[in-house]
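Just below is one structure, and these are the notes that go with it.
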Amino acid sequence: MKSAVVRVQFVTPPFGAASRQIRFGHGAPCPGHEGLSGPDTGAWAGRTLDEVSAEDPAAVQRWLTDPGYAPPGGESVSALLARVGTALDGLAPGTHRAVVEQAVVRAGVVHALELPAAAFWRLDVRPDTMTTLTGRLGRWNLQLGRPLDA
């Protein structure tokens, strides 16, 4: 007997002005998939990477190298990985299309492929693409960065 397949299509929108300025997000919601909302960057939300780095370079360095470190009042990469992983593992069979931030795609791929948390920062996600995860029997497969017009 064939088991039911879960297909998750992560769609990343085109870069907006904030993304081009490398501005920390506000944890964009993902309607219908609350566990796939963007990361909570706490006190850094709305500020640019340059602004935060000028104020506290050690904190930014730690955030980029220590998956357990969270911005003040925010969420660590480890917490994001756990949240996104729980959301993926809880999806019902069928196809789920979610418009998400790049960090959510990275977290989903790290979880699905059972990569170490440090791999999160090594994955580049192109804007305006779709990344698909297909799961069955506790195992995920990955289709990377298909253009949305394909």
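Okay, here's what the table says:
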| item | result |
| --- | --- |
| Some residue of the range 32-40 being touching a residue at least 24 places away in the same chain (Cβ under 8 Å), of a type in the set (D, E, K, R), open to solvent by 60 Å² or more (accessible area, probe 1.4 Å) and in a loop (DSSP other than H, G, I, E, B) | yes |
| Residues that are without any contact (Cβ under 8 Å) to a residue 24 or more places away in the chain and part of a strand (DSSP E or B), drawn from the range 105-140 | 139 |
| Among the residues listed as 125, 109, the single one being within 25 Å of residue 26 (Cα to Cα), under 15 Å from the mean Cα position of the chain (by Cα), aliphatic (A, V, I, L, M) and open to solvent by less than 20 Å² (accessible area, probe 1.4 Å) | 109 |
| Test: residue in the range 43-56 that is in contact (Cβ under 8 Å) with a residue 40 or more places away in the chain, surrounded by 15 or more Cβ atoms within 10 Å (Cβ to Cβ) and not in a helix (DSSP H, G or I) | no |
| Answer residue from the range 76-102, given it is part of a helix (DSSP H, G or I) and β-branched (Val, Ile, Thr) and is surrounded by the most Cβ atoms within 10 Å (Cβ to Cβ) among those | 84 |
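The values are calculated or read from the model by the stated rules, or taken from the named source; none is laboratory data. The structure displayed is predicted, hence computed values, not measured ones. Cβ sites come from the backbone with ideal geometry, for glycine too, and all protein chains shown count toward neighbours. Each accessible area value is taken on the protein alone, full model and side chains, heavy atoms only, with ligands, DNA and RNA left out. Shrake-Rupley method; radii C 1.70, N 1.55, O 1.52, S 1.80 Å.
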